[in-house]
There are 2 protein chains.
Amino acid sequence: MAQPMVYGPREGLAQLHWNENYYGPSELAIKAIKESSHKGAYYPDLLVNRLKAMIAERHDLDTQNITISAGSTQALSYLAQVKSRENPIATTQLTWDSHLGYAQNIGGTVIRIDNGDNLEINLKAIESISAKNVSSVSIVNPNNPTGLLLDSNELRASIINMSKNALVIIDEAYNEITNKPDDNSMIDLVRDGYNVAVSRTFSKIYGLAGERIGYIIAQPDVIDAIKNNGSGEFSVSMGGLAGAIASYNDEAFLKFSKSMILEAKEMVYEGIASNGLTALPSETNFIFVNLGDIDANDFRDEMLKMNILIRGKYGDFNQWSRISMGKLEDIQRYIDAIPIALEQLRA
Amino acid sequence: MAQPMVYGPREGLAQLHWNENYYGPSELAIKAIKESSHKGAYYPDLLVNRLKAMIAERHDLDTQNITISAGSTQALSYLAQVKSRENPIATTQLTWDSHLGYAQNIGGTVIRIDNGDNLEINLKAIESISAKNVSSVSIVNPNNPTGLLLDSNELRASIINMSKNALVIIDEAYNEITNKPDDNSMIDLVRDGYNVAVSRTFSKIYGLAGERIGYIIAQPDVIDAIKNNGSGEFSVSMGGLAGAIASYNDEAFLKFSKSMILEAKEMVYEGIASNGLTALPSETNFIFVNLGDIDANDFRDEMLKMNILIRGKYGDFNQWSRISMGKLEDIQRYIDAIPIALEQLRA
């Protein structure tokens, strides 16, 4: 080939816009991906079954409660398309919603409930609408891009109520990064028979975003509906499955990654405070920063001039800027760049 | 982990049921997958663009004519779902149709035209129905499981006619294995502006089935419709993309693989003839064998007792048995097992 291969971002770019974990993949995952490459000619159906068995074992579930897909987005999209053919899906205004976008593209309807004054999910309002003509409710917890975590007791009680009338879809992409992952997870409600679907991914703390493995835990009829809508379990790669299986129980790697994320977040909170900015309390690997009177797209553009890639504004939330935790040296570059960007934009 | 990892089939099994190429992946692909594993934490969007550019360059197309997905099945399924929401899809009775299954699962209608006396695709009958109320026509060429190739001039003329009324979807998963790949491909019709969608895959001769990379070449509006329906380009893994990019132009590997497939096919044709059986002429890496009065499921079961995995019957085609070309030693095991299986079943 004429050009050399580049697998990550271009040299020198601090990529801090996609909530990846650059301390991953774990060494066990890398080793497994390499070993599996020699068998890349074979469809990896047996590895799908193996990963499902591991997930089932951890959560005391049946493999019929689980489906694997190419990142959780794929199966969530199938599910949103299935449900939106029945009735509208209710969600929050400011949230991650790629799966709902695909549902809307094919004619599905999405009802968006305004966030509260502090950008929190308005759980009461969603609960209220769930009793009406909606097929399902979609909640990301902790939420993205805010990083805010719902109170687990309130959420659990609300889900038990909502699930009488609608399928409740809880995206737990960042669960492992929260303070008490087990308490904050709603997987126990699936085990207890409620109409809840919980999604998880290997793209975030596991550091395997590039290898595209996610999964959904739900009642068997919901799992079957997802499978009927597309080729989820036939879309995942042998390398991705090998990496996921090898690192699923790699506690040392997960602990190290979480400590790096927490250290990066402390640095960012200090850095923005010393520049007179504030931010929402994050239970994830990203922080939602309030830029005051500065436009988030302008701030992103200034950062990019310094080879730092962050997110621009979300919808009408003009002054809010999301920064992902990357390697500590890249976080330091971001912090050092804040006063330069602010000075440019206030000039 | 308690159990050792096994990436391919279990030890001792001659897996000859999925049309994979066990002479792959190419050494270049394996090397690239291994290198890329270190960057598995990054979403691989830039590699998607790079692969599209390579495909566009080879076929003198724009990248807007191309979409990548997790195996061609994923994008074909999206496309079938899009089209079947408009009007029925017409296809052949005996053919590969996983994508049409997903369309039917969500309420789409598929019209199936009987194969001809020699199991060939009845192109005239499909052309006739395409002028009526169908959204699209789906043809696999060479066809699976028959291995039969349509005459390229007849097919090209027919597509030009059919595409006036319907989108014509041509699955060319086995094109590279045919006698004259360029002549047999319909990609030139996309270049010439016809309403044709051609799918290709890295799962067959490229020996990358496990890594799940395929693509569709079509007019930009069709490509956009596929993308709107799901997360195709966001479902492919970094390892898969690395392997596909590295081996796309690996002519030495492709030539070697093709020679092994041709040698295996000669062995099978000789082996079945010496046992008094016949088979269809295959332009693919599998052969459709006529077992006469023997049931294909019974034959498959006898083979499995000897640790040889082949396909059972397709629909009502009870006496037809598909065997994939694997490594030559596994093909020899299949050939040696034929008289034993036949003796058991005729006893």
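The values are calculated or read from the model by the stated rules, or taken from the named source; none is laboratory data. Please read these numbers as outputs of a predicted model, since none were measured by experiment. Cβ coordinates were reconstructed from backbone atoms using ideal geometry, including for glycine residues, and neighbour counts include every protein chain displayed. Note: accessible area is taken over every heavy atom of the protein model, side chains too, but ligands, DNA and RNA are not part of it. Shrake-Rupley method; radii C 1.70, N 1.55, O 1.52, S 1.80 Å.
Laid out as a table, the results:
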quantity	calculated
In nm, spacing of pseudo-spin labels at A:A252 and A:S152 (7 Å Cα→C-beta vector)	2.7 nm
Cβ-vector label at 7 Å, B:N161, separations to other copies in nm	6.5
Loop trypsin sites (Lys or Arg not before Pro), segment A:146-227 (other Cβ atoms within 10 Å of the site Cβ: 15 or fewer; DSSP)	A:K164
Nearest-first distances (nm) between copies at A:Q3, label 7 Å from Cα via Cβ	4.1
Amide H within-cut-off set for A:N122, under 5 Å, with H built and near neighbours excluded	A:G116
Cα-only Debye scattering, segment B:173-265: base-10 log of I(q)/I(0) at q = 0.22 Å⁻¹	-1.21
Net lengthening on full extension, B:S259/B:E35 (0.36 nm per residue, minus Cα-Cα)	77.8 nm
Cβ-based net charge around A:A166, under 11 Å, with every Lys or Arg adding one and every Asp or Glu removing one	+1
Cα gyration tensor shape of segment B:221-329, rounded if a/c is under 1.5, else prolate or oblate by comparing a/b with b/c	prolate
Average beta-carbon neighbours from other chains, 10 Å sphere, peptide A:237-250	5
Cα shape, segment B:27-247, gyration tensor, a/c 1.5 rule	prolate
Copies compared at B:T278 - label distances in nm, ascending, label defined 7 Å from Cα in the Cβ direction	8.4
Relative contact order (%) - segment B:18-103, alpha-carbon pairs under 8 angstrom, separation at least six	19 percent
Rg and Dmax [Cα atoms of the protein assembly as shown; Å; Rg one decimal, Dmax integer]	26.3, 93
Cut-off under 5 Å, modelled amide H: who pairs with A:I111 long-range	A:I89, A:A90, A:T91
Helical contribution to [θ] at 222 nm, DSSP H n ≥ 4, -39,500 (n - 2.57), averaged over chain A, rounded to 500	-13000 deg cm²/dmol
Solvent exposure of the protein assembly as shown as accessible area per residue, Å², 1.4 Å probe	37 Å²
Mean-position separation - Cα centroids, segment B:93-143 and segment A:1-33, in angstrom	43 Å
Percent antiparallel among DSSP beta bridges (both partners in segment B:119-278, rounded to 5)	30 percent
Within the protein assembly as shown, percent of DSSP bridges classed antiparallel, to nearest 5	50 percent
Residues whose placed amide H lies under 5 Å from that of A:T178, excluding near-sequence neighbours	none
Check: segment A:121-242 dipole with +1 on Lys, Arg Cβ and -1 on Asp, Glu Cβ, in debye	220 debye
Rounded to 5, the percent of DSSP beta bridges in chain B classed as antiparallel	50 percent
